[in-house]
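For reference, the structure is listed below as structure tokens.
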Amino acid sequence: MRYREALNAALREEMQRDERVFLMGEDVGVFQGAFKVTAGLLEEFGEKRVRDTPISENTIVGMGVGAAMTGLRPVVELMTINFSLLAMDQIVNHAAHIRYMFGGQVKVPLVVRMPQGAGHQLGPTHSHSFEALYLQVPGLLVAVPSTAADAKGLLKAAIRDDNPVIFIEHEYLYGQRGEVPDDDDHVMRFGQAAIRREGGDVTIVGISRMAVTAQRAADLLASEHDVEAEVIDPRTLRPLDLDTILDSVRKTNRCVVVEEGWPHGGVGANLAALIQEQAFDHLDAPIARVTGADLPMPYSKPLEEIAYPHEPQIVQAVLATFGDV
Amino acid sequence: MADRPLPPPEVAREWLETMTLIRRFEERAGEMYAKAKVGGFLHLAIGEEATIVGSVRALRETDYLISTYRSHGHALARGTEPERVMAELFGKEDGVCRGRGGSMHMFDLPRRFMGGYGIVGGNLPLAAGMALACDYLGTEDATLCQFGDGAANQGTFGETLNLAALWRLPVVFMVTNNQFGMGTSLERHSAVTDLFKRGEGYGVPGIRCDGMDVVDTYETTCEALRQAREERRPVLVEAITYRFRGHSMADPEEYRTKEQVEQWRQRDPLTTFGERLSAEGAVPEQEREEIDRRAIETVDGAVLFAEASPFPAPESLYDDVYVLGDQVQGWYSIDERAAGVQRGEDIGP
């Protein structure tokens, strides 16, 4: 099953399970979703539950917040994560804060889904990776699934959770296939990292699509450099399964964090701080980061290719932790 | 407008009582701010009592009300205990939001007062979402969304009116036009100053009421809510009013003249309504004095209650950041456990 089909199955199953779950977003209905994640759902559930909206991101999310406060469980789709910046007010000032600032009187069971990522030559307004922005906000849960199975299991968990969830998909991953349990009960829990590959020499933490790239880099490290890397995919950033990462680092004594987003204030910067605070004595080398380039995303293919991480950069960063480069 | 007939005497008296309570509460809140009992920003609604009470009284108990950062009066009109509103201003545990929200963020779920919001225009999408939920769940409830003339220039205004009209949502948008977006006067912030006309282009019919006249505001809001509820379409109501105090307590009011303020004070909604009630025999003059005395007593009690209430305990700092459950088991499960990270409760108050 493809990643997009797994998401579709999650939405369908949760909508069948709970009448209060409904979809809202730009072109989610008649057009079936800009990336076809919502294909067939309008036909099955009708216009009441699959709602095409105007292009009004802040208001779409805000309506989701209001509906969530008054008994519904909205799933809002934003066409790309760059567009979510227009909804930052509703996501941060409202969705994330409402429960706390009103003294716990109300909950906001809202899911905001959106894809991110470079590689399709969409230039500086459609290609970024902003999980670090949302990771910063207390009150939000943040998911970054990298496999079809996780896409389904985490989306179902997100819909059933009573907190606002930022659910970050990836444009590259939509077409990727993976084994997906087809039972309705494939509901995962947030805050449980996956060890994608076991190894004793170095820990590589890959975020979102970079979990996949990191596994390929690990295969190269094994075949070409005799380095056995352990690859960890946190799957959710809030809550974060720091224990699995720390256990691995205590075993390997080296850590490289790979993300597609920007370096400053990024997920890697945050993880590096957390790891050194708690496992400093176990580190044999500084924690390394491989990140997207510190610039707006260029359009031209050769430039775009070198503006976000690929296997060679990860291999190089890992070897550098051994002082071999 | 002023010739709309009065409601039955007991109803009119209750309106006067509530308007008086709001006035006395706001005056006292200002005094408490000056005494540093209240922190942050404090936005008083003195002068806007008729707009508040007239519109809130048009609601059914199960309707939703949502407001702005100038919302003590909305909470009081909806029935929230003055003690708990004052305690919130004091930042105390017994405040409506346990001292988490403060003046700008009142909330009372059982009374379906869905909050005061600190972001100008931020509450319009929420209101439409609440109306969507009412529609979706098949209830007869409507939503009343209050915001100021300043918010009419936010992007959410156009976005929300369009969507509410498109989806035929039972919501009334009420722009409380008090003539200023903070210190910028209406004619300096809006090309079209007849704000009720702004909805037409979005398919939202507009109507204007005298926000200094509680009866006119009530009747106009009732009709707007009827249309929203029965005809399933949003309505925009513009209430023309004026705030006698500054935007907040930190406002030297250099953007308007004393003469203008004085001119509007001639139309003080409390005085004009009270005098009309006496003139028409609904509430005798001595009874109005009694109403005022009781309001002051209530506010005295609210201050005593707020003083006596404890500050929230430091260990409650992280309460309600999340709904806890299987996925989020506690604040620690989400974030840093490192010794190097300063946690709030370690600092103390």
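The helices (runs of 4 or more DSSP H) found wholly in the range B:224-310 and carrying at least 3 residues that are surrounded by 21 or more Cβ atoms within 10 Å (Cβ to Cβ) occupy B:269-279, B:285-308.
Residues are listed down the side, and each one gets a yes or a no for (1) away from every other protein chain (no Cβ under 11 Å); (2) open to solvent by less than 10 Å² (accessible area, probe 1.4 Å):
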site: B:ILE46; (1), (2): yes, yes
site: B:VAL53; (1), (2): yes, yes
site: B:ILE66; (1), (2): no, yes
site: B:ALA77; (1), (2): yes, yes
site: B:GLU81; (1), (2): yes, no
site: B:MET86; (1), (2): yes, yes
site: B:ASP94; (1), (2): no, no
site: B:GLY99; (1), (2): no, no
site: B:PHE107; (1), (2): no, yes
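Return the pairs, sorted by first residue and then second, in which the second residue is open to solvent by 60 Å² or more (accessible area, probe 1.4 Å) and acidic (Asp, Glu), the first residue lies in the range B:263-287 and is closer than 17 Å to B:LEU21 by Cβ, the beta carbons are less than 9 Å apart, and the residues are 6+ apart or on different chains. Going by the 9 Å Cβ cut-off, the qualifying pairs are B:GLY274/B:GLU285.
Can you go through B:ASN123, B:ASN162 and tell me which one is within 18 Å of A:SER56 (Cα to Cα), modelled with pLDDT of 95 or more and open to solvent by 10 Å² or more (accessible area, probe 1.4 Å)? Reasoning before the result, please.
Details: B:ASN123 fails: open to solvent by 10 Å² or more (accessible area, probe 1.4 Å).
Unique residue meeting the criteria: B:ASN162.
Among the conditions (1) without any contact (Cβ under 8 Å) to a residue 40 or more places away in the chain; (2) in a helix (DSSP H, G or I); (3) over 16 Å from B:VAL204 (Cα atoms), the only one that B:PRO125 does not satisfy is (3). Count of the range B:55-64 residues, restricted to those that are open to solvent by less than 10 Å² (accessible area, probe 1.4 Å) and among the charged types (D, E, K, R), is 1. With the structure loaded, tell me whether B:ARG70 is away from every other protein chain (no Cβ under 13 Å) and either in contact (Cβ under 8 Å) with a residue 60 or more places away in the chain or of a type in the set (Lys, Arg) (or both) or whether it fails that test. In short, yes. Determine if the range A:267-282 includes at least one residue that is in contact with a Pro (Cβ under 8 Å, 6 or more places away or on another chain), in a loop (DSSP other than H, G, I, E, B) and open to solvent by less than 40 Å² (accessible area, probe 1.4 Å). Taking every residue of the range A:267-282 in turn, none turns out to be in contact with a Pro (Cβ under 8 Å, 6 or more places away or on another chain), in a loop (DSSP other than H, G, I, E, B) and open to solvent by less than 40 Å² (accessible area, probe 1.4 Å). Scanning the range A:202-243 for residues that are assigned to a loop (DSSP other than H, G, I, E, B), in contact (Cβ under 8 Å) with a residue 60 or more places away in the chain and of a type outside the set (Gly, Ala, Ser) yields A:ILE207, A:ARG209, A:VAL227, A:PRO234, A:ARG235, A:PRO239. Identify all residues within the range B:106-122 that are more than 18 Å from A:LEU72 (Cβ to Cβ) and either assigned to a helix (DSSP H, G or I) or of a type in the set (Ser, Thr, Tyr) (or both); write none if there are none. Hits for the range B:106-122 are B:PRO110, B:ARG111, B:TYR117. Among the residues of the range B:175-189, those identified as of a type in the set (Ser, Thr, Tyr) and over 26 Å from B:THR143 (Cα atoms) are B:THR184, B:SER185. Restricting the range B:145-159 to residues that are within 9 Å of chain A (Cβ to nearest Cβ) and either of a type in the set (D, E, K, R) or closer than 15 Å to B:HIS189 by Cα (or both), the residue that is surrounded by the most Cβ atoms within 10 Å (Cβ to Cβ) is B:GLU159.
Across the range B:132-144, the qualifying residues are those that are more than 8 Å from every other protein chain (Cβ to nearest Cβ) and crowded, with 24+ Cβ neighbours inside 10 Å, and the one among them that is farthest from B:PHE107 (Cα to Cα) is B:ALA142.
Against the numbered list (1) outside the structural domain of A:GLN276 (by TED's automatic domain parsing); (2) touching a helix residue (DSSP H, G or I) at 6+ places or on another chain (Cβ under 7 Å), A:ASN163 comes up short only at (2). Tallying residues that are assigned to a helix (DSSP H, G or I) and open to solvent by 10 Å² or more (accessible area, probe 1.4 Å) within the range A:106-138 yields 5.
Identification of strands (runs of 3 or more DSSP E) wholly contained in the range A:139-198 with 2 or more residues that are within 14 Å of another protein chain (Cβ to nearest Cβ) yields A:141-143, A:165-170. When the range A:222-241 is filtered for residues that are of a type in the set (A, V, I, L, M) and buried (at least 24 other Cβ atoms within 10 Å of the Cβ), the ones remaining, listed by number, are A:ALA229, A:VAL231, A:ILE232, A:LEU237, A:LEU240.
The values are calculated or read from the model by the stated rules, or taken from the named source; none is laboratory data. Keep in mind it's a predicted model, so treat the numbers as computed, not measured. So basically every Cβ, Gly included, is an ideal-geometry build from the backbone, and we count neighbours across all protein chains shown. Remember, those area values only see protein heavy atoms, side chains included, never the ligands or the DNA or RNA. Shrake-Rupley method; radii C 1.70, N 1.55, O 1.52, S 1.80 Å.
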